[in-house]
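Undergrad: Sharing a structure here in structure tokens format.
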There are 2 protein chains.
Amino acid sequence: MREGELLQHIYDRSASLPRSVIVGPGDDCAVVDIGGAHILVATDQLIGGRHFAESETPTDLIARKAIARNVSDIAAMAGTPTHTLCAASLPEEYTHADELFDRVHAWANHFGCPLVGGDIAMTAGPLALAVTIMGTPHADRGPVLRSGARPGDHVFLSGPVGASYESGWHLGFEPRIALAQRIASDLRDRLRAMIDLSDGLGIDAHRVATASGVRIEMEAHAIPLRDGTPSWREGVRDGEDYELLVCAQADAIDGLVRIGRVVEGDGCVVREGDEVIDVSVQGWDHG
Amino acid sequence: MREGELLQHIYDRSASLPRSVIVGPGDDCAVVDIGGAHILVATDQLIGGRHFAESETPTDLIARKAIARNVSDIAAMAGTPTHTLCAASLPEEYTHADELFDRVHAWANHFGCPLVGGDIAMTAGPLALAVTIMGTPHADRGPVLRSGARPGDHVFLSGPVGASYESGWHLGFEPRIALAQRIASDLRDRLRAMIDLSDGLGIDAHRVATASGVRIEMEAHAIPLRDGTPSWREGVRDGEDYELLVCAQADAIDGLVRIGRVVEGDGCVVREGDEVIDVSVQGWDHG
């Protein structure tokens, strides 16, 4: 069973959740009501050999990526990160544990979400960091979900896609917290839907289309590509871009590139001349 | 470097945390202020081959233990669990993923803290579940910390210790949520300190003594032992008891066994006749 399928089963089981769960599994973050406060929370793992090359990656960049990936999930809701927890599985022979936690601590502070809890265990497997991040929704706009896109919206990207792993971008990307908050403040309810691109523009845009019950059409020539990306076809499926895909009732948004539009229907396609290419499964099925 | 040492480094780094962090790393849960609400949060891992026998343990009991361990951390603060997240690392050849998540979901509901988020990744290592739990502190008493024990308090246990792994108790224990809440409601500020026993009575009682700046003295004959535990010496170091150790300004507490007292000084000892045995390192250094 693929990860995406597994996650779908999890979402299906969560169909009837208590009222304190405002947004359950299936978006970038959950939104829960605890003691009257609305809280964003998400968890994500970084696994050696899968999300970074264990022998080559500096400890500082492993720690940075573990935190930044989670911060990016908060950005995708236009929220503010507040606190972090980190559970680490360390190979028995691992010798950089203290440095690793020093850097996790430092990066959590850097992104404004200090480390408040953790767990350490030894493992026979690769180095793995499971990070949980908490945050607050945008005060005026509230959490921006994947499900809000409507026909007539335009589709925007916060930066280029492709070649993230090869270029090292996946270790040094800047989560789009400030940008997301500015857009949410400016557009309010005209900001309809957002997601951060972790698994590939194709698969992630399709998640927005599915959650919103709409179709997303992108123009091949409009998709901005990172240096080293041969064509838009690699760009939509490489993954680990950590840029925001934004659907908004707006013709232009300062700092973003317009790449397509939301229409009635379903699926996610790229138009190149007369060709219409289905990209809804283009990417990594990281779940 | 041992896990306990590593964690101490983490606590040291967290000495100056922002005001939103009411209790930082080093207790059973962190307590954070988000949007004016006080929230308990903790993270803990369950690793195949370390916390359960991978080939022999039914999927249902793996899921139960992963959730119940975290619920026990909320119990140790006298809190109420509200929401859960679960990040799973699955071996490539693992075939029970859907059943595992079905049971994680069911047990999270059972303990009143529905699963609101998750992450799944494949790993070359053993099955590992990193669970994060959120909760609310006791409405009247507030969170019960490890640091509140004072000379003159008595020390109590909520149940027997020892032989947890051999007896299967570690898979089927009942987190002491209701008991902890009743004690907190009854005793209020006379309930001074609590911890749940995961690493062994010796090492865990010593954590309370250290956090509180006191000495804990227990009576060998008073320590209740699970069937199959040869003597108190095994009982204080076996670990995985998931009972509450309670320090309170009370001579007796309904449903608990009095096993010792808090005095001035430091360390943690067991008295047996004229002998005084240091048990402060008796247990598993799981951190």
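Undergrad: Every residue in segment A:94-110 that is in contact with a strand residue (DSSP E or B) (Cβ under 6 Å, 6 or more places away or on another chain) and either over 23 Å from B:Gly118 (Cα atoms) or touching a residue at least 24 places away in the same chain (Cβ under 8 Å) (or both), please.
TA: Scanning segment A:94-110 gives A:Ala97, A:Val104, A:Ala108.
Undergrad: Here is a list: A:Val161, A:Val155. Which entry is assigned by TED's automatic domain parsing to the domain that holds A:Gly213, closer than 13 Å to A:Met194 by Cα and either at pLDDT 95 or above or polar (S, T, N, Q) (or both)?
TA: Result: A:Val155 is the single residue among A:Val161, A:Val155 that is assigned by TED's automatic domain parsing to the domain that holds A:Gly213, closer than 13 Å to A:Met194 by Cα and either at pLDDT 95 or above or polar (S, T, N, Q) (or both).
Undergrad: Mind listing whichever residues of segment B:218-251 are part of a loop (DSSP other than H, G, I, E, B), touching a strand residue (DSSP E or B) at 6+ places or on another chain (Cβ under 8 Å) and touching a residue at least 40 places away in the same chain (Cβ under 8 Å)?
TA: B:Ile223, B:Pro224, B:Arg226, B:Thr229, B:Val236, B:Asp238, B:Asp241, B:Tyr242, B:Glu243, B:Gln249, B:Ala250, B:Asp251
Undergrad: Restricting to segment A:182-210, what's the tally of residues that are of a type in the set (S, T, N, Q) and under 15 Å from the mean Cα position of the chain (by Cα)?
TA: Total meeting the criteria: 1.
Undergrad: Sticking with this one: I'm checking my understanding of the structure. Among residues of segment A:94-136 that are surrounded by 24 or more Cβ atoms within 10 Å (Cβ to Cβ) and within 18 Å of A:Asp196 (Cα to Cα), which one is nearest to the other protein chains (Cβ to nearest Cβ)?
TA: Among those residues, the one meeting the criterion is A:Thr132.
Undergrad: Something else now. Say whether the condition of being out of contact with any strand residue (DSSP E or B) (no Cβ under 6 Å at 6 or more places or on another chain), assigned to a loop (DSSP other than H, G, I, E, B) and either without any contact (Cβ under 8 Å) to a residue 60 or more places away in the chain or within 8 Å of chain B (Cβ to nearest Cβ) (or both) is met by at least one residue in segment A:69-92.
TA: The answer is no, given that none of the residues of segment A:69-92 is out of contact with any strand residue (DSSP E or B) (no Cβ under 6 Å at 6 or more places or on another chain), assigned to a loop (DSSP other than H, G, I, E, B) and either without any contact (Cβ under 8 Å) to a residue 60 or more places away in the chain or within 8 Å of chain B (Cβ to nearest Cβ) (or both).
Undergrad: Turning to a different aspect of this structure: For segment B:1-37, how many residues are more than 7 Å from chain A (Cβ to nearest Cβ), assigned to a strand (DSSP E or B) and not acidic (Asp, Glu)?
TA: 3
Undergrad: Here are some residues: B:Thr59, B:Thr43. Which one is within 11 Å of chain A (Cβ to nearest Cβ) and not small (Gly, Ala, Ser)?
TA: None of the other options fit; the residue is B:Thr43.
Undergrad: Is one or more of the residues making up segment B:187-201 farther than 21 Å from B:Val279 by Cα and without any contact (Cβ under 8 Å) to a residue 24 or more places away in the chain?
TA: No, that holds for no residue.
Undergrad: For the subset of segment B:46-56 comprising residues that are outside any loop (DSSP other than H, G, I, E, B) and of a type in the set (A, V, I, L, M), which member is nearest to the other protein chains (Cβ to nearest Cβ)?
TA: B:Ile47
Undergrad: Please determine, by comparing only the residues of segment B:234-256 that are over 20 Å from the mean Cα position of the chain (by Cα) and not aliphatic (A, V, I, L, M), which one is surrounded by the most Cβ atoms within 10 Å (Cβ to Cβ).
TA: B:Gln249
The values are calculated or read from the model by the stated rules, or taken from the named source; none is laboratory data. Bear in mind that the values here come from a model prediction, so they are computed numbers and not experimental data. Cβ: placed from backbone, ideal geometry, glycine included. Neighbour counts: every protein chain shown.
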